[in-house]
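The values are calculated or read from the model by the stated rules, or taken from the named source; none is laboratory data. What you are looking at is a predicted structure, and each value in this text was computed from that prediction instead of being measured. Here the Cβ positions follow ideal geometry from the backbone for every residue, glycine too, while neighbour counts run over all protein chains shown.
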Amino acid sequence: MNWIAVKSIYIYEMTRFFRTLTQSFISPVLSTSLYFVVFGAAIGSRIQEVEGVSYASFIVPGLIMLSVITQGISNASFGIYFPKFIGTIFEMLSAPVSFLEIVMGYVGAAASKALFIGLVILGTAYLFVDFEIQHPFAMVGFLVLTCISFSLMGFIIGIWAGSFEQLQLVPLLIITPLVFLGGSFYSISMLPPVWQIISHFNPVVYLISGFRWSFFGAADVPIGLSLLAIAGFTALCLSVIWWIFKTGWRIRQ
Amino acid sequence: MGLEPETAMPPILNVTDLRKSYPDGFEALKGIDLQIDAGEILALLGPNGAGKTTLISTICGIATATSGTVTVGGHDTIKDFRAARAMIGLVPQEINLEPFEKVISTVNFSRGLFGKPANPALIEKILRQLSLWDKRDSQIRALSGGMKRRVLIAKALSHEPRVLFLDEPTAGVDVELRRDMWEIVADLKRDGVTIILTTHYIEEAEAIADRIGVIADGKILLVEDKAKLMARMGKKELEVQLSQPITEIPASLVSDRLRLSDDGTALIYSYDTQSERTGITTLLSDVAAAGLVLRDVVTRQSSLEDVFVDLVHEGETR
Ligand SMILES: Nc1ncnc2c1ncn2[C@@H]1O[C@H](COP(=O)(O)OP(=O)(O)OP(=O)(O)O)[C@@H](O)[C@H]1O
Ligand SMILES: [Mg+2]
């Protein structure tokens, strides 16, 4: 294992992130604050408690998941697409590194960035609402797993994408709807029965539900199912990446 | 070590029947065989689209071969890619650099990528040698084209390769930098680095290479010692300048080796330096017998460029 290479890629990617720290930092803080003003204060005051917690607290886990998922995907997809686009990928391909090491470097960095943003949002949320985290270890576990699995997915998108448009396409057309319809801002039990059934086909529902359980101890779906869903999703991404690695798909000419 | 006769050493780079078809079906390499000894400089010449970059990319792992094998230092570039690639440095033809990155960090990154621990003293030496030390904290986008090319060279040297591929290192580079580059190549050779470079400047190959390879249309037409090649292919010309211009060659002198210069003031005789009898003595006495008065006599040797053009044309008509 070429650990020095993994570390080099990781640090290189993180430096890029910290170079634009203010942007990386301000935009999630700002958007979370806006969500709290709009959903928490304005709308939330008209909504009764959801599953025993105030609406403003209820949306905290969903907000964090929303950001972590979109950040993980966009960081990782951009991270690997950019060197492909400007041609610096040649160096990666000619270096004595395996695909596994490349994935660890890029996905590790993308997941770290997403985690960082997730924690910033958690901190911002504390400024607006009171809440307690009932299962802190499970919370961290869910958060870290989500960061990693969606960064893996982002990596796949970045390898697949042939243009900047395609890079935006999957997150825009698939991920954002899945996340918004995944119960970030509401409990599945608030939906009409038909939509409840449909929602159970949305993998993000399981993630957000499990994550919310770690905060409040209540969930839309059993916690075991949530764990299974995230484990399955991670495994799926890993096998796609393994296949890409085997075939050199879209990387080696 | 060191006492062995050179012929006993296995080639440091061994390419056997290498073929490469691109996904669109185009066969860019049509069975390349190439052996390169440790410490030599091979210049690869060939017209645009000959397959030079494809050959280098396939050896370095950027493109996958359709068939054939490549070993570097005895390590197969696929089965034992770590050991093989750790020995290779590559300066690509295209300038691929991240515009917002600093010179020093992109060079350090290359070293790390090759699994080598940080070595600031070495990096400083390389950057100084390439006159980049003063620019180490500049962003790449603030550098000139020639400087960017030197950054690519610094990146390739940062991990101390034993085999260095230079894909048109002096394209678009000014005369002074070209000389600098030749010096760097000479230095590397002194350190025992094997160098394979492609170029369109024949005088470059003439100046620095030990052996010359010519590639056209995905096939190696020849690989030969530079001096031998020049001697073998080198034709000499003798120019007999006349005191009075003439309109045609006198009948007694007509031969397919002799032609008249455009302005009629000189007879140009071409001969082979390798042959036993050059025919010069006979020519000169025949010229005198024909009543022509000589003003001066000059000889010229054909350049590698002529040799190259001849070869590629032969290759095309074959
Ligand atoms: N990615 C690709 N897909 C399809 N064909 C390609 C690809 N890359 C190169 N080729 C073709 O392969 C042939 C060899 O190209 P290559 O770049 O190796 O030439 P070269 O000898 O390096 O030329 P130059 O002197 O212009 O750099 C060309 O005909 C080129 O069009
Ligand atoms: Mg080329």
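What number of residues within region A:119-167 satisfy the criterion of being aliphatic (A, V, I, L, M), under 16 Å from residue A:223 (Cα atoms) and surrounded by fewer than 21 Cβ atoms within 10 Å (Cβ to Cβ)? Even if it seems obvious, please write down each step before you answer.
Our first condition is that a residue be aliphatic (A, V, I, L, M); within region A:119-167, this holds for A:119-122, A:125, A:127, A:129, A:133, A:138-140, A:143-145, A:148, A:152-153, A:156-157, A:159, A:161, A:167.
Those left that are additionally under 16 Å from residue A:223 (Cα atoms): A:133, A:138-140, A:143, A:145.
Retained after the next criterion (residues that are surrounded by fewer than 21 Cβ atoms within 10 Å (Cβ to Cβ)): A:133, A:138-140, A:145.
The total comes to 5.
Given the conditions (1) among the charged types (D, E, K, R); (2) in a loop (DSSP other than H, G, I, E, B); (3) away from chain A (no Cβ under 11 Å), which single one is not true for residue B:128?
Going through (1) among the charged types (D, E, K, R); (2) in a loop (DSSP other than H, G, I, E, B); (3) away from chain A (no Cβ under 11 Å) one by one, residue B:128 breaks only (2).
Are there any pairs with C-beta distances below 8 angstrom linking a residue in region B:8-37 that is among the hydroxyl-bearing types (Ser, Thr, Tyr) to a residue that is exposed (fewer than 14 other Cβ atoms within 10 Å of the Cβ) and at pLDDT 95 or above, with the two at least 6 apart or on different chains, and if so which?
Here the result reads B:16/B:33, each pair linking region B:8-37 to a residue that is exposed (fewer than 14 other Cβ atoms within 10 Å of the Cβ) and at pLDDT 95 or above.
Identify all residues within region B:265-297 that are more than 23 Å from residue B:231 (Cβ to Cβ) and under 38 Å from the mean Cα position of the chain (by Cα); write none if there are none. So that I can check it myself, show each step before the final result.
Taking region B:265-297 and keeping what is more than 23 Å from residue B:231 (Cβ to Cβ), we get B:265-267, B:282, B:284-296.
Listed by number, the residues that qualify are B:265, B:266, B:267, B:296.
Among the listed residues A:25, A:90, which satisfies the condition of being assigned to a helix (DSSP H, G or I) and closer than 19 Å to residue A:147 by Cα? Spell out how you get there, then give the answer.
Details: A:90 fails: closer than 19 Å to residue A:147 by Cα.
Of A:25, A:90, the one residue that is assigned to a helix (DSSP H, G or I) and closer than 19 Å to residue A:147 by Cα is A:25.
Which of the residues that make up region A:211-220 are touching a residue at least 24 places away in the same chain (Cβ under 8 Å) and either more than 14 Å from residue A:60 (Cα to Cα) or not in a helix (DSSP H, G or I) (or both)?
To start, the set of residues in region A:211-220 that are touching a residue at least 24 places away in the same chain (Cβ under 8 Å) comprises A:211-218, A:220.
Matches in region A:211-220: A:217, A:218, A:220.
Scanning region B:15-39 for residues that are out of contact with any helix residue (DSSP H, G or I) (no Cβ under 7 Å at 6 or more places or on another chain) and under 12 Å from residue A:253 (Cβ atoms), which turns out farthest from ligand 1 (Cβ to nearest atom)?
Per the criteria, the residue is B:21.
Take residue B:37 and decide whether it is away from ligand 2 (no atom under 16 Å from the Cβ) and farther than 28 Å from residue A:4 by Cβ. Show your work before the answer.
Values: away from ligand 2 (no atom under 16 Å from the Cβ): yes; farther than 28 Å from residue A:4 by Cβ: yes.
Spelling it out, residue B:37 is indeed away from ligand 2 (no atom under 16 Å from the Cβ) and farther than 28 Å from residue A:4 by Cβ.
Taking into account only those residues within region B:202-236 that are under 12 Å from the mean Cα position of the chain (by Cα) and within 16 Å of ligand 1 (Cβ to nearest atom), which is farthest from the other protein chains (Cβ to nearest Cβ)?
By that ranking, first place goes to B:202.
When you look at residue B:245, is it away from ligand 1 (no atom under 16 Å from the Cβ), modelled with pLDDT of 85 or more, within 14 Å of another protein chain (Cβ to nearest Cβ) and assigned to a loop (DSSP other than H, G, I, E, B), yes or no?
No.
Go through region B:56-85 and give me each residue that's more than 7 Å from chain A (Cβ to nearest Cβ), part of a loop (DSSP other than H, G, I, E, B) and not charged (D, E, K, R).
Result: B:65, B:66, B:73, B:74, B:77, B:78.
Within region B:161-172, is even one residue away from ligand 1 (no atom under 16 Å from the Cβ) and at pLDDT below 95? Spell out the reasoning first.
Pass one, region B:161-172, residues away from ligand 1 (no atom under 16 Å from the Cβ): B:161-164.
Those still in the list that are at pLDDT below 95 too: none.
No, every residue in region B:161-172 fails to be away from ligand 1 (no atom under 16 Å from the Cβ) and at pLDDT below 95.
May I ask you to list the residues in region A:174-224 that are of a type in the set (Ser, Thr, Tyr) and closer than 22 Å to residue A:54 by Cα?
Step one: list which residues in region A:174-224 are of a type in the set (Ser, Thr, Tyr), which gives A:176, A:184, A:186-187, A:189, A:199, A:206, A:209, A:214.
Answer for region A:174-224, where residues must be of a type in the set (Ser, Thr, Tyr) and closer than 22 Å to residue A:54 by Cα: A:184, A:186, A:187, A:189, A:206, A:209, A:214.
Matching residues to (1) among the β-branched types (Val, Ile, Thr); (2) within 14 Å of chain B (Cβ to nearest Cβ); (3) within 20 Å of residue A:15 (Cα to Cα):
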{"site": "A:89", "(1), (2), (3)": "yes, yes, yes"}
{"site": "A:105", "(1), (2), (3)": "no, yes, yes"}
{"site": "A:113", "(1), (2), (3)": "no, no, yes"}
{"site": "A:126", "(1), (2), (3)": "no, no, no"}
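If you take the residues of region B:183-201 that are assigned to a helix (DSSP H, G or I) and touching a residue at least 60 places away in the same chain (Cβ under 8 Å), which of them is nearest to the chain's Cα centre (by Cα)? Break it down stepwise before answering.
Keep residues of region B:183-201 that are assigned to a helix (DSSP H, G or I), which gives B:183-190.
Retained after the next criterion (residues that are touching a residue at least 60 places away in the same chain (Cβ under 8 Å)): B:185, B:189.
On the way: B:185: 12, B:189: 15 Å.
Only one residue fits best here, namely B:185.
Search region A:227-253 for residues that are more than 14 Å from every other protein chain (Cβ to nearest Cβ) and pair each with any residue that is assigned to a loop (DSSP other than H, G, I, E, B) when their beta-carbon atoms are under 9 Å apart and the residues are at least 6 apart or on different chains.
As it stands, the answer is A:229/A:221; A:243/A:249, since those pairs meet every condition given.
Yes or no, residue by residue, for (1) touching a helix residue (DSSP H, G or I) at 6+ places or on another chain (Cβ under 8 Å); (2) over 30 Å from residue B:86 (Cβ atoms):
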site	(1), (2)
A:1	yes, no
A:6	yes, no
A:21	no, yes
A:34	no, yes
A:56	yes, yes
A:66	yes, yes
A:97	yes, no
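Tell me which residues, restricted to region B:92-117, are hydrophobic (A, V, I, L, M, F, W, C) and either surrounded by fewer than 22 Cβ atoms within 10 Å (Cβ to Cβ) or within 10 Å of chain A (Cβ to nearest Cβ) (or both). Give the steps one after another, and end with the answer.
Within region B:92-117, the subset hydrophobic (A, V, I, L, M, F, W, C) is B:95, B:97, B:100, B:103-104, B:107, B:109, B:113-114.
Those that are hydrophobic (A, V, I, L, M, F, W, C) and either surrounded by fewer than 22 Cβ atoms within 10 Å (Cβ to Cβ) or within 10 Å of chain A (Cβ to nearest Cβ) (or both): B:95, B:97, B:100, B:104, B:109, B:113, B:114.
Is there a residue in region B:127-140 that is surrounded by fewer than 20 Cβ atoms within 10 Å (Cβ to Cβ), in contact with a strand residue (DSSP E or B) (Cβ under 9 Å, 6 or more places away or on another chain) and within 20 Å of residue A:252 (Cβ to Cβ)? So that I can check it myself, show each step before the final result.
We begin by selecting, within region B:127-140, every residue surrounded by fewer than 20 Cβ atoms within 10 Å (Cβ to Cβ); these are B:128-129, B:131, B:133-134, B:136-140.
Going one step further and asking which of them are in contact with a strand residue (DSSP E or B) (Cβ under 9 Å, 6 or more places away or on another chain), we end up with B:136-140.
Narrowing the set further to residues that are within 20 Å of residue A:252 (Cβ to Cβ) leaves none.
No, every residue in region B:127-140 fails to be surrounded by fewer than 20 Cβ atoms within 10 Å (Cβ to Cβ), in contact with a strand residue (DSSP E or B) (Cβ under 9 Å, 6 or more places away or on another chain) and within 20 Å of residue A:252 (Cβ to Cβ).
Tell me which of these residue B:88 doesn't satisfy, since it passes every other one: (1) more than 16 Å from ligand 1 (Cβ to nearest atom); (2) under 30 Å from residue B:217 (Cβ atoms); (3) more than 12 Å from every other protein chain (Cβ to nearest Cβ).
(3)
Out of the residues in region B:161-179 meeting the condition of being touching a residue at least 60 places away in the same chain (Cβ under 8 Å) and closer than 18 Å to residue B:127 by Cα, tell me which one is surrounded by the fewest Cβ atoms within 10 Å (Cβ to Cβ).
Narrowing region B:161-179 to residues touching a residue at least 60 places away in the same chain (Cβ under 8 Å): B:161-169, B:171.
Remaining after also requiring closer than 18 Å to residue B:127 by Cα: B:161, B:164, B:166, B:169.
Details: B:161: 21, B:164: 23, B:166: 27, B:169: 27.
Checking each candidate, the answer is B:161.
Among the residues of region A:183-207, what is the count of those that are within 16 Å of residue A:61 (Cα to Cα) and in contact (Cβ under 8 Å) with a residue 40 or more places away in the chain?
Final tally of qualifying residues: 7.
Which ones in region B:40-55 are assigned to a loop (DSSP other than H, G, I, E, B) and either within 14 Å of chain A (Cβ to nearest Cβ) or near ligand 1 (Cβ under 8 Å from one of its atoms) (or both)?
Of region B:40-55, the ones assigned to a loop (DSSP other than H, G, I, E, B) are B:40, B:46-51.
Correct list: B:46, B:47, B:48, B:49, B:50, B:51.
State yes or no: is residue B:212 closer than 20 Å to residue B:52 by Cα, hydrophobic (A, V, I, L, M, F, W, C) and in contact with a Lys or Arg (Cβ under 6 Å, 6 or more places away or on another chain)?
Working: closer than 20 Å to residue B:52 by Cα: yes; hydrophobic (A, V, I, L, M, F, W, C): yes; in contact with a Lys or Arg (Cβ under 6 Å, 6 or more places away or on another chain): yes.
When the stated conditions are applied, residue B:212 passes them.
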